[in-house]
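Remarks on the structure that follows.
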Amino acid sequence: MRHVRALLARIAGLFSGPKADAALEEELQAHLDMETAENIRRGMAPEEARRQALLASGGLTQAAEAVRDQRGLPWIEGLTADIRYALRSLRRSPAFTAIVVLTLALGIGATTAIFSVVRAVLLKPLPHREGNRLVYLRQSNDAASEIGFSVPEVRDIRAGAPSLGGGIAEWSSWTAVLQGGEGAARMSIGLVTGNFFEVMGLSPVLGRLTRPSDDGPGVPPVMVLTHEFWMSRFGGDSSIVGRRVRVDRNSVTVIGVMQPAPFFPSRVDALFNMVISPHHLSATMVEGRTHRMTELVARLAPAASMRQARSEVAAVYARMQRDFPAAYDPGSHYRVEVVPFQQVLGERARLTLWLLMGAAVFVMIISAANVANLTLMRGVRREHELVTRAALGAGLARLRRLLLAENLLLTLAGAGLGVLIALGGVRLLIALAERYSPRAGEIRVDTVVLGFALALSLVLAILLSLVASLPKEGTFASWFAAGGHRMSGGLRKQRLQRALVVVQVAVSVVLLAGAGLLTRTMISLSNVRTGLTTEEILTMQIPLLTLGQAAISDPQADVRAKEQYELMRSEIATLPGVSVVGLGSPMPLRSSDVAFDVKAEGKTFAPGEAAATAEVRTANPEFFRAAGIPLLAGREFAATDRADGAAVVIINQALAERLFPGEDPIGKRAAWTGDVLRFTPISGDWRTIVGVVANTQDGGLDARPRGVMFVPFSQLVAFSGGLVIRTDNDAEALVAPATRIVRRIAPAAPIENVRTIAQIKDESVSPRRLNAALVSSFGILAMIIAAVGVAGVLAFSVSARTNEIGIRMSLGADSGRMQRMILKEGGVLVALGLVLGVGGGFLAAGVMRSLLFGVAPHDPATFIGVALMMAAIGTLACWIPARRASRIDPAIAIRVA
Amino acid sequence: MAGKLDIQQGTLALMVLKTLDVLGPLHGYGIARRIEETSRNRLSLNYGTLYPALLKLEQEGFITAEWRQSENNRRAKFYALSAAGRKRLAREAREWHQTADLIAAFLGRREAP
């Protein structure tokens, strides 16, 4: 209690002003007077009495100091004094302060912003309970990287892998339309087994989640909303639980909202029990080994290790392939992987993010090096001041504390400004991260991120304080002796400065090389020909029937949908500016996940050769003209290719080359094939090839075109059809009138992906562009900072050598020679940095190989260009101080020294 | 200063409290005089020892301070024992007696030099 009281009193004492000092002085004075009076009373002479009293007092000043220490908290007062002093000295050199703070802010800001993304996407533990025990199972083959599992496969894995004893959560991705007047929306849904949430370790934020009693036929359909969809669609309405909504043609009860959590491989809006899809309960689904529609996440059994799980799953999988050879075409190389769920969520982002993190850290290093150099130079200029302070009694510890306080102020100011930069940058980065990771929603500048920035600034402050070398204790005398002179800062210090400059140049070159490669990647991507002849095309998808409805083949609904599509097509065609409107699915430049093995008449695959696959796409007679897809051979579809007419197809060039290399495919027959067709509305009947069209970049601008078979729109169920509207002028201007027509014809249908071809193309390029822009700005920033560093160090060297230069010039060296001397001094540093940087750049380029497109990792043009640019900037940076050296007047230079 | 003893903070606090207990409110000079006299001049208090100790006692709430006129009509700061101070004095005096008895019994009695 009394300690608390004393502490409070002392804190209060911190703020006691001059009044307390005056009172103290009066008190001590009174003591002295009384003692003097007493001495006089004892018979001393007044002078002597006072002298004796003073002697006994032990010194009034010392006493006052001791009391003051007791009054407040001396170390805080020392600290505030240091900070006040540091502030004053920084205010005296505003240019230095501004440059340092700004440089640090850029470095810390970039690093902090990217750290916040790296943390959220890669490092932070999953929100799932014991998320580190979750593993993702992935089946893939040469044609597809995610093919999912079939129910019999899941059954085998469950039986044969006891290490996955924590349970196997299954879900299959599906789409459904949430009805609701104008606002009908297609949802990405997951059909889940009752154990799903238990295995995943997810809790509801509202209501309840599904449980085993929701499994099987004959139970009421229920729906759990993901947090994201609940917020975006229902505005976080907490009365949603228990509400009945219409999904497709079912009435479904919303039972709860789950906590925010990422899904993989694709986003999910809501989760349903299986009963909503009769197909999922049907025998085809349950018995078909090739009917792979299920994603798997398993929880490791309590004692099981990742390695155990891998070997068990591999053993089960080998047995499956042996027992059911028909389901695993040997040529396609079916394989299975077991990957930690957290890792799989970050896998697409990992390389890009670490690349950006590396770039940001490089900028950080360069800016720190620059600040260190500035501090070194300033330290030399301040030696005089420090010597004076030392002479006045400031101990070494005190000087160190002063420097630390000053550096702390600088780095903290830098960190503060840096965090502001990061706050702005994070928004940009979220847009980037959304393309790569389902965890982008978790990105935020939170306490950990702020702590990161703070720690960064503390470490920097300490490093900077170490760089500024103070004399060793006891060598002040030599300092005093040299104190009057301008000093060169010693050999050690100069070497350090030079090393820092070399590092700066090298790191800048690495960054610029990376930036150059990414920029060239972006340019080659934008130059990729989409396969379409024009970009003034508007596309919109209107899924009148979902895959679910199409799969159960409701002939009546299909006929109605086709009538509606035709009505939309003909009405939009009459809009002014519209030249032609096509119908089809999916839209050009959109990837399709519906693809099956194909066979062709007269084509046999060599043993071990992968089966050919072709995407399922539909097109009406106008589709290719509207999309601007060139016809290479044969004919387009015609009005005569009716539902009851002969089965015909148009194939793309990629498929033609795959199935009929060196032959004319027109008139030949091809068909989809494979066991899995049984589960789809697509027949394996032979179809006659009537035309060949050019490839289009549907899977992204950097993807190899896949084989495609186009079926007449009239000859296949109309699942997720869309309109391709070609115009003579501005495609974007058609959005409003076209949407109005669609709304009138199908008021309840969702309208999706209303984009011009130019926009779709841009979406494919934009993550790369952002990537390239970020690394480029880092690179340019680094180059500027490095140039300032080179110029600064040389300028400093010149001013330190003024005396020497003066002597040389008075001995007959001309100014040109002096200029060359300084240029050479800087040139060596820049050249050294260049060599190191190009070497580092080669290494970095190898690491980022997979992010590049259309440019070799060791692209000579990029590297030569970067080296030349850096050399030019470096020379310019050297030239400025060199000029100054050449203008030194020898007479003045010698006199000053 | 040979022969004079250095004084420990805790001991000084106890002496101050006892002085104020015996003499009532007193200024710093009076306290110093009293302690020096009681110690038969074996202790000498310089200001740098005394005043921080007084301030500390004040901060801890064992004594209170007040500006008053001194006996010779000079303004001086008078310190007085608080209730908490009286309690502390009683407790510490008891503890000191016990310790002193114990040490004395342990070392055996010896005439003061």
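Summary table
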| quantity | calculated |
| --- | --- |
| Inter-label distance for residue A:45 and residue A:810, nm, one decimal - labels placed 7 Å from Cα along Cα-to-Cβ | 6.3 nm |
| Proximal aspartates and glutamates relative to residue A:761, as straight alpha-carbon distance under 17 Å, when same-chain residues fewer than 8 apart are discounted | A:535, A:536, A:698, A:702, A:730, A:732, A:752 |
| 1.4 Å probe accessible area per residue over the protein assembly as shown, in Å² | 46 Å² |
| Crossing angle, helix A:341-391 versus chain A [Cα axis fit, 0-90 degrees, rounded to tens] | 10 degrees |
| Helix A:447-467 axis, angle to chain A major axis (alpha carbon atoms, nearest 10°) | 40 degrees |
| 12 Å reach of a label modelled at residue A:423, 7 Å along Cα-to-Cβ, counting backbone N of region A:441-468 | A:445-446 |
| Charge sum, other residues only, whose C-beta stays under 14 Å from residue A:347's C-beta, Lys/Arg counted +1 and Asp/Glu -1 | +3 |
| Region B:11-107 - percent relative contact order, Cα under 8 Å, separation 6 or more | 31 percent |
| In nm, spacing of pseudo-spin labels at residue A:281 and residue A:529 (7 Å Cα→C-beta vector) | 5.3 nm |
| Sulfur and carbon atoms: percent of accessible area, region B:11-107 [1.4 Å] | 54 percent |
| Those aspartates and glutamates that a straight Cα-Cα span of less than 15 Å connects to residue A:603, excepting residues fewer than 8 apart in one chain | A:657, A:663, A:664 |
| Qualifying chymotrypsin sites (Phe, Trp or Tyr not before Pro) in region A:535-635, DSSP loop, other Cβ atoms within 10 Å at most 15 | A:605 |
| Global size of the protein assembly as shown as Cα Rg and Dmax, reported in angstrom | 42.3, 140 |
| Mean Cβ count within 10 Å, highest first, over the residues of peptides B:10-17, A:861-868, A:5-12 | B:10-17, A:861-868, A:5-12 |
| Inter-label distance, nm, simple model (7 Å from Cα along the C-beta direction), residue A:604/residue A:323 | 3.2 nm |
| Folded to 0 to 90 degrees: helix A:490-527 orientation relative to chain A principal axis, Cα | 20 degrees |
| About the Cα centre, charge dipole magnitude for the protein assembly as shown (Lys/Arg +1, Asp/Glu -1 at Cβ), debye | 3620 debye |
| Estimated [θ] at 222 nm from DSSP helical runs (n ≥ 4, -39500 (n - 2.57)) normalised by residues in chain A, nearest 500 | -18000 deg cm²/dmol |
| Charge sum, other residues only, whose C-beta stays under 14 Å from residue A:850's C-beta, Lys/Arg counted +1 and Asp/Glu -1 | +2 |
| For chain A, share of DSSP beta bridges that run antiparallel, in % to the nearest 5 | 75 percent |
| B/A buried area, accessible surface, summed, 1.4 Å probe, Å² | 2400 Å² |
| Other protein chain Cβ atoms within 10 Å, averaged over every residue that makes up A:7-17 | 1 |
| Chain A, relative contact order in percent, only Cα pairs under 8 angstrom and at least six apart counted | 15 percent |
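The values are calculated or read from the model by the stated rules, or taken from the named source; none is laboratory data. Since this is a predicted model, take the numbers as computed values, not measurements. Here Cβ is always computed from backbone atoms with ideal geometry, including for glycine, and neighbour counts include all displayed protein chains. Ligands, DNA and RNA are excluded from the accessible area calculation, which covers all protein heavy atoms including side chains. Shrake-Rupley method; radii C 1.70, N 1.55, O 1.52, S 1.80 Å.
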